[in-house]
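Chemist: Before I ask anything, here is the structure I am working with.
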Amino acid sequence: MDKTDAKQRIEKLKNWLKKWNYDYFVLDKNDVSEAARDQIKKELTELEKEFPQFVTPDSPTQRVGSALSGKFAKIRHLTPKQSLSDVFSDEELKDWEERIQKLVPGEKLNYISEHKLDGLNLSLIYQKGKYYKAITRGDGVYGEDVTHAVKTIKSVPLELNEVNGLKLSDYPVIEVGGEVFMSKESLKKINAEAATPFANPRNAAAGTVRQLDPAIAAKRNLEMYFYSISFTENSKIPHPGTHQKTLELLKELGLRVDKHYKHHDTIDSVLQEMKTWEKRRDSLPHEIDGLVIKVDSIRHQNLMGSTAKSPRWAIAYKFPAEQSTSQILDIEIQVGRTGALTPVAILKPTQVAGSTVSRATLHNEDEIERKDVRMGDTVIIQKAGDIIPEVVEVLKDLRTGKEKKFHLPHQCPVCGGQIIRPEGEVVSRCANKDCFAIHQHQLEHFVSRKAFNIDGLGEKVTEQLIHEKLIEDAADLFTLKYEDLIQLEFFKDKKTQNLLDSIEKAKILPLSRFIYALGIRYVGDETAEILAEHLTLTAKEIEVKEEQKRDQMSLFTEESKTKKVNAADIESLIDNIQKLTLETLNDIDGIGDKVAESIHEWFNDAKNIHYLKKFQRADIKLTVEDRSEKSDKLKDLTFVITGTLPTLSRDKAKELIKQNGGKTTSAVSKNTDYVLAGTEPGSKYDTAEKLGVKIIDEKAFLGMVG
Ligand code: IVH
């Protein structure tokens, strides 16, 4: 075959294969046999081998690239990725409806329910319609670049379909979101061959997309369903006005959408849907752990906006806890970050709600007593959502007489320290402040994602740092030097440098995360956020470096390399927090008596102040929000102002729009969301009417910003 013929034949074979893959993996159609497909693929592979100059990256033969050499690059998401709030009962779902209805008074709400797939959320970026990047959710701001492994997923098209009469070359950058998951059958197959089986489909999917070698990922049959789209530029592809239309657009673009979505006029209809799937979930080829309910109208979604963590317009309704039985092989004691001892049942591995469970919490000594749990007992275990599995009941009829009672030890199993149980408390604790387990867990908490988020400080490293006495507490992390780290096991030049870089980068963080990192009793991430909101620190605007982007991320190169943030230092935190009396803390909404007392005590303990001052010396900076720019009620909405408003000046109106996350432009176009009109409006009013842009008066506007 000569060159010209080969080129043509390759094109033809590629197009045929793309169509076959699309029909089979996206539309679930199989009119042509797999054997025929394999034959065509073989011919294409051979031709491409002979004429390598005609191999293109979007060829179906090119899904499996070569293995990556190092760790995954961190990539900043185009828009921060959120998560969903959960509900577990009909009442909670109705409460949600009541809350969101208040945000759009008098408007009729419609919903779309979707299956909540037990997988991993991914964002895919298509540039000019071509597959470009796949990024994990990560911490919501930075994700990991898993482009290589995701390219091997057959239901991920390497090229989108052309819609709306547009050529792919006219497509803007498109970001789509969805869930990557594994069928029950594939998981079973992989687990049968694995040395350490995956506990659930989510872990299996996560482990597979993080494979450095795409050849392994390719073998594992991952699948993907898509459920969101966002355009980063003005797009000629019409923005869908409803979530249902979004799903239809995704399908038109050639992206696979789970067919189990359903439109609902009422929340009662959603409740019905939940009952149906609770009964039918086992018949699906993959695991689902509930439904996701989304407000259908995108306009309503925008008006409802988001909290710091999740959109208000969507919620996950999880299936109720699932139970199973197993046998207790042993009972172990875990020493936690606060020294609390938790008895844990070691179980014969068993399947609960799609996961393998081999440990379950017994909570504390009193609970063991109350349930009369003994080693060797057959027990009922329960798992709900992400909650740690627990032992709920002993099946006493199944006892043989060989079961053994369990007694809490008198000494800490880790350090041999004394165990105390304060009067009136159910929890026993190790009283040794230097207990290795306590130090280690505190450090793990300190570097965890919701706290300082320092990469490269896993269990092995923290263990060595404490053991080798390189650090006494978490604040000492910031004094670590190259010479300290290079001597650790498995540390070479690159790893040492990476860790030092991660530590350096972590020196500036949001105030709420710093408070959370301190590990104050009863202060979880939510309480830390509430407390941070109630502090007014003296902050200065400082310039910080943006995370280094990789070269090929041409998408992001226009972004500036530095950004300005408001930051305070630790001294300002100490000053401010010490001014808060116990009463003031108690009065804060969301902070109860016990929590207030714990916070007050912590910040008035000389030892802790000494600890905080170490952070001051390490020059840790705390970023705080600019209070004047807080709400996101008008997030992503574009306004045009025309005419004279009854009470607001034009500048004041603009300021209000900005403060609430919206923007103002001067000309009306179809991208305008609202025209805010006063008396004697100009031609903008007429244009708005012509284009069907919503026109509102000052009263309605003030209603929107509350
Ligand atoms: S929408 C705001 N739809 O559930 C985040 N999520 O608990 C957008 N998930 O991180 C999520 N099925 O990984 C959405 N049909 C579905 C989903 C779904 C599963 C996962 C997703 C998300 C997590 C939140």
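The values are calculated or read from the model by the stated rules, or taken from the named source; none is laboratory data. Everything quoted here is computed from the prediction, not taken from an experiment. Note that we place each Cβ from the backbone using ideal geometry, even for glycine, and neighbour counts take in every protein chain shown. The accessibility values were calculated without ligands, DNA or RNA, using every heavy atom of the protein model including side chains. Shrake-Rupley method; radii C 1.70, N 1.55, O 1.52, S 1.80 Å.
Chemist: Quick check for you: which residues of the range 347-370 have the amide N under 11 Å from the point 7 Å beyond the Cα of Glu423 toward its beta carbon?
Modeler: It comes to no residues whatsoever.
Chemist: Given a Förster radius of 45 Å and the C-beta distance between Thr679 and Lys540 as r, what FRET efficiency does 1/(1 + (r/R0)^6) yield to the nearest 0.05?
Modeler: Step by step, r from the Cβ atoms, then E = 0.55.
Chemist: Between Glu98 and Thr4, what length in nm is gained on full extension when 0.36 nm per residue of separation is reduced by their alpha carbon distance?
Modeler: Length gained, Glu98 through Thr4: 27.2 nm.
Chemist: Further, regarding this structure: In square nanometres, what is the average projected area of the Cα convex hull of the range 69-185?
Modeler: If you wrap the Cα atoms of the range 69-185 in a convex hull and average its projections, you get 11.3 nm².
Chemist: Determine which aspartates and glutamates satisfy two conditions relative to Lys614: a Cα distance under 17 Å, and not lying fewer than 8 residues away in the same chain.
Modeler: Of all the aspartates and glutamates, those that pass the test against Lys614 - Cα under 17 Å, at least 8 places apart if same chain - are Glu472, Asp473, Asp476, Glu504, Asp569, Glu571, Asp575, Asp605.
Chemist: Search the structure for amide H atoms under 5 Å from the amide H of Gln334, placed 1.01 Å from N in the peptide plane, and list their residues when 5 or more places away or on another chain.
Modeler: Thr342, Val344
Chemist: In nanometres, what is the gap between the two model label sites at Asn30 and Phe490, each 7 Å from Cα along Cα-to-Cβ?
Modeler: 4.1 nm
Chemist: Apply 1/(1 + (r/R0)^6) to the Cβ-Cβ distance of Tyr611 and Ala199, taking R0 = 30 Å, and write down the FRET efficiency to the nearest 0.05.
Modeler: Once rounded, the FRET efficiency stands at 0.25.
Chemist: At 7 Å along the Cα-to-beta-carbon direction for both Ile380 and Lys309, put a label point, then send me their distance in nm to one decimal.
Modeler: Label-label distance for Ile380 and Lys309, simple model: 2.9 nm.
Chemist: Sequence gap at least 6, Cα distance under 8 Å: using those rules, report the relative contact order of the range 240-322 to the nearest whole percent.
Modeler: This gives 30 percent for the range 240-322.
Chemist: Accessible area, 1.4 Å probe, largest first: how do Thr536, Thr342 sort?
Modeler: Per-residue accessible area, sorted high to low, gives Thr536, Thr342.
Chemist: Viscosity 1.306 mPa s, temperature 10 °C: Stokes-Einstein D of the range 659-706 from its Kirkwood Cα radius, in µm² per second?
Modeler: 140 µm²/s
Chemist: Further question on the same structure: Using 13 Å as the cut-off for backbone N distance, which residues of the range 362-377 belong to the label zone defined by a point 7 Å from the Cα of Lys348 along Cα→Cβ?
Modeler: Inside the label zone: 376-377.
Chemist: Put +1 on the Cβ of every Lys and Arg and -1 on every Asp and Glu Cβ in the range 89-240; which of Ser228, Gly207, Gly143 then has its Cα farthest towards the positive end of the dipole?
Modeler: Final value for the positive-end residue is Gly207.
Chemist: Next up: Hey, what's the Cα Rg ratio for the range 432-553 versus the globular rule of thumb, 2.2 N^0.38 Å?
Modeler: Compactness ratio reported: 1.17.
Chemist: Leaving ligands, DNA and RNA out of it, rank Glu175, Glu472 by accessible area with a 1.4 Å probe, largest first.
Modeler: Ranked list, largest accessible area first: Glu472, Glu175.
Chemist: Here's a follow-up. Hey, any idea what % of the chain's accessible area is carbon plus sulfur with a 1.4 Å probe?
Modeler: 48 percent
Chemist: How many Å² of accessible area per residue for the chain, probe 1.4 Å?
Modeler: Solvent-accessible surface per residue comes out at 52 Å².
Chemist: How long is the gain from Glu483 to Leu212 if the chain were fully straight, where each residue apart is worth 0.36 nm and the alpha carbon distance is subtracted?
Modeler: Residue separation times 0.36 nm, minus the Cα-Cα distance, leaves 94.6 nm.
Chemist: R0 = 41 Å: FRET efficiency of Glu159 with Lys108, Cβ-based, nearest 0.05?
Modeler: 0.55
Chemist: Over the chain, what portion of Cα pair distances is larger than 46 Å, expressed as a whole percent?
Modeler: 29 percent
Chemist: A follow-up question, please. Can you sort Leu582, Leu408, Leu612 by 1.4 Å-probe accessible area, starting with the largest?
Modeler: Highest to lowest solvent-accessible surface, that is Leu582, Leu408, Leu612.
Chemist: Would you please report the Å³ per residue occupied by the convex hull of the alpha carbon atoms in the range 1-112?
Modeler: 258 Å³
Chemist: Further question: Could you report the accessible area of Leu160 in Å², rounded to 10, computed with a 1.4 Å probe on the protein chains as they sit in the structure?
Modeler: So the heavy atoms of Leu160 present about 10 Å² to solvent.
Chemist: Per 0.36 nm of contour for each residue apart, how much would the distance between Asp575 and Ser669 grow if the chain were fully extended, relative to their Cα-Cα spacing?
Modeler: Taking 0.36 nm per residue and subtracting the Cα distance, the gain is 28.8 nm.
Chemist: A follow-up question, please. Remind me, what semi-axes does the range 271-407 give for its equivalent ellipsoid, largest first in whole Å, using sqrt of 5 times each Cα gyration tensor eigenvalue?
Modeler: Listed largest to smallest, the semi-axes of the range 271-407 are 38, 20, 11 Å.
Chemist: Pop a pseudo-label 7 angstrom from the Cα along the beta-carbon direction at both His239 and Gln323 and give the gap in nm to one decimal.
Modeler: 4.9 nm
Chemist: When only C-alpha pairs under 8 Å and at least 6 residues apart count, what is the relative contact order of the chain, in percent?
Modeler: 9 percent
Chemist: Summing -39500 (n - 2.57) over the DSSP H runs of n ≥ 4 in the chain and dividing by its residue number, what mean residue ellipticity at 222 nm do you reach, to the nearest 500 deg cm²/dmol?
Modeler: For the chain, the value works out to -10000 deg cm²/dmol.
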